[in-house]
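Engineer: If you scroll down you'll find the structure; I have some questions about it.
The values are calculated or read from the model by the stated rules, or taken from the named source; none is laboratory data. Since this is a predicted model, take the numbers as computed values, not measurements. Ideal geometry is used to build each Cβ from the backbone, glycine not excepted, and the neighbour counts take in all protein chains shown.
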Amino acid sequence: MRRVTRREFVESAAALGVAAAAPVPLFGQAPAMRGGGVKPVVVAAANGNRSTDAKGQTCVARAFQMITSGSDVLDALIAGVNIVELDPEDTSVGYGGLPNADGVVQLDSCCMHGPARRAGGVACLEGVRTPSLVAKAVMDLTDHHLLVGTGAQHFARNVGFRIEDDLNTDKSRALWLEWKRRTDPDHYLDPKTRTQAWYDAGLQMVREGLIEPDHYWGTINCDGISAKGEICGVTTTSGLAWKIPGRVGDSPILGAGLYVDGAVGAAGSTGRGEANLYGLCSFVIVENMRRGMAPKDAGLDALRRVQANTIEKRLRNSRGEPNFGLNFYILDAKGAYAGVSMYASKYAVCTENGPQTLDTEPLLHGTMLD
């Protein structure tokens, strides 16, 4: 038997000591900490902890598991939002998303990779259930940041994506037909009574519970950070229900629906895109954090700007406050995170303690439709 040298003994004992000191994982694989003490986290819109895959994993759970297993952060986040994009019951994202005024599902998405300092996006994309993957292909395979309409679809086909004729489900088509009956009663009659009716269309359907308020404006944003401090983000949506064909909201626009600075943090949004676009709020939030603000404070500051800019009567409720929802999901380079909103809402997060759905920090009390 070969004798163990003193050096070998010391090295093996040190290795055992490190192993014994390793923390016991509370959820999945224990995150490896970098010198700066960053704990991995994934933060997302509330539907990031609602839709599930065949294994029962939600978006934030899958993304966190992949990140802590060593996957590229953006790959993990996109794998997470793919669960929501492919869920026909989520009418705000991807397959089965509420269509435009012509009954056509048009999808938008963008992604940003903090370490690589690259980004890609698509808008008004038809026929592809997972626009987030096409956005990443724009980032990886082109020198551009945004492709739109038929050009985006041709690009998707050229790089190997399957193009489908129609992304409506029975549910999304039925809701569109109900909207048509309410907005065009001379031609689309109520199938039960054969009578004509006129309503406050889309928002009235929200009031009646036919459409969830979050789904009327749509979207999922998902941002994450690894133990190495690598930050990425992705936003994907079917956009505003019954929108004018060709309408693009904030979701695929860098600085609005998503902004990532690998040295500072990330922010993304759901809600009324036009309100967010006017102030490029995700960019503002990240810049606020660059100046030292905490994620929650940075987000609430952006919401106050939106409130101050909402001066048109048609966009204000009976209290004179914005009559729409707008949420931001935020994390900084240290792994601190927050969800903030115009009115009380929810958001999803996953840490080593597992996936959770938490209350956002609202700017205003009451509801948007009061």
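Engineer: If a residue must be among the aliphatic types (A, V, I, L, M), more than 13 Å from the chain's Cα centre (by Cα) and assigned to a loop (DSSP other than H, G, I, E, B), how many such residues does the stretch 60-93 contain? Step through it out loud before you land on a result.
Structural biologist: So the first thing to find is which residues in the stretch 60-93 are among the aliphatic types (A, V, I, L, M), and the list is 60-61, 63, 66-67, 73-74, 76-79, 81, 83-84, 86, 93.
With more than 13 Å from the chain's Cα centre (by Cα) added as a condition, the list becomes 61, 66-67, 73, 76, 86.
From the residues that got through so far, the ones that are assigned to a loop (DSSP other than H, G, I, E, B) too are 86.
Residues in the stretch 60-93 being among the aliphatic types (A, V, I, L, M), more than 13 Å from the chain's Cα centre (by Cα) and assigned to a loop (DSSP other than H, G, I, E, B): 1 in total.
Engineer: Looking at Val128, Val122, which one is buried (at least 24 other Cβ atoms within 10 Å of the Cβ), assigned to a loop (DSSP other than H, G, I, E, B) and not polar (S, T, N, Q)?
Structural biologist: Numbers: Val122 fails: assigned to a loop (DSSP other than H, G, I, E, B).
Step by step, each of Val128, Val122 is checked, and only Val128 is buried (at least 24 other Cβ atoms within 10 Å of the Cβ), assigned to a loop (DSSP other than H, G, I, E, B) and not polar (S, T, N, Q).
Engineer: I would also like to ask the following. Any residue at all in the stretch 200-222 that's touching a helix residue (DSSP H, G or I) at 6+ places or on another chain (Cβ under 7 Å), at pLDDT 90 or above and closer than 30 Å to Val73 by Cα?
Structural biologist: Scanning the stretch 200-222 turns up at least one residue that is touching a helix residue (DSSP H, G or I) at 6+ places or on another chain (Cβ under 7 Å), at pLDDT 90 or above and closer than 30 Å to Val73 by Cα.
Engineer: In the stretch 44-59, what residues are more than 11 Å from Pro355 (Cβ to Cβ) and outside any loop (DSSP other than H, G, I, E, B)?
Structural biologist: Listed by number, the residues that qualify are Ala45, Ala46, Asn47.
Engineer: If only one of Ser92, Ser51, Ser109, Ser71 is surrounded by 11 or more Cβ atoms within 10 Å (Cβ to Cβ), in contact with an Asp or Glu (Cβ under 7 Å, 6 or more places away or on another chain) and at pLDDT 95 or above, which one is it? I'd like the intermediate steps shown before the answer.
Structural biologist: Working: Ser92 fails: at pLDDT 95 or above; Ser109 fails: in contact with an Asp or Glu (Cβ under 7 Å, 6 or more places away or on another chain); Ser71 fails: in contact with an Asp or Glu (Cβ under 7 Å, 6 or more places away or on another chain).
From the options Ser92, Ser51, Ser109, Ser71, the qualifying one is Ser51.
Engineer: Spot the failing condition for Tyr329; the list is (1) surrounded by fewer than 24 Cβ atoms within 10 Å (Cβ to Cβ); (2) touching a strand residue (DSSP E or B) at 6+ places or on another chain (Cβ under 6 Å); (3) in contact (Cβ under 8 Å) with a residue 40 or more places away in the chain, and only one is missed.
Structural biologist: All conditions pass for Tyr329, except number (1).
Engineer: Working only within the stretch 156-177, note down all residues that are more than 23 Å from the chain's Cα centre (by Cα) and under 15 Å from Gly120 (Cα atoms).
Structural biologist: Val159
Engineer: Also, I was wondering about something else. Among the numbered criteria (1) within 20 Å of Val138 (Cβ to Cβ); (2) free of Cβ contacts under 8 Å to residues at least 12 places away in the same chain; (3) not acidic (Asp, Glu), which single criterion is violated by Met293?
Structural biologist: The one condition Met293 does not meet is (1).
Engineer: Cβ-Cβ distance below 6 Å, separation of 6 or more or different chains: which pairs start in the stretch 54-82 with a residue that is free of Cβ contacts under 8 Å to residues at least 40 places away in the same chain and end on one that is not in a helix (DSSP H, G or I)?
Structural biologist: What qualifies is Gln65/Gly28.
Per-residue answers, yes or no, for (1) aliphatic (A, V, I, L, M); (2) buried (at least 24 other Cβ atoms within 10 Å of the Cβ); (3) over 26 Å from Ala79 (Cβ atoms):
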residue: Gly239; (1), (2), (3): no, yes, no
residue: Asp250; (1), (2), (3): no, yes, no
residue: Val264; (1), (2), (3): yes, no, no
residue: Ala267; (1), (2), (3): yes, yes, no
residue: Gly279; (1), (2), (3): no, no, yes
residue: Ala298; (1), (2), (3): yes, yes, yes
residue: Arg305; (1), (2), (3): no, no, yes
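Engineer: Turning to a different aspect of this structure: Check the stretch 97-108 and report whether any residue there is in contact with a Leu (Cβ under 6 Å, 6 or more places away or on another chain) and in a strand (DSSP E or B).
Structural biologist: Yes, the conditions are met somewhere in the stretch 97-108.
Engineer: For the subset of the stretch 227-241 comprising residues that are within 13 Å of the chain's Cα centre (by Cα) and part of a strand (DSSP E or B), which member is nearest to Lys136 (Cα to Cα)?
Structural biologist: Val234
Engineer: What's the number of the condition Gln196 fails, among (1) at pLDDT below 95; (2) closer than 25 Å to Thr236 by Cβ?
Structural biologist: Looking at each condition in turn, Gln196 falls short on (2).
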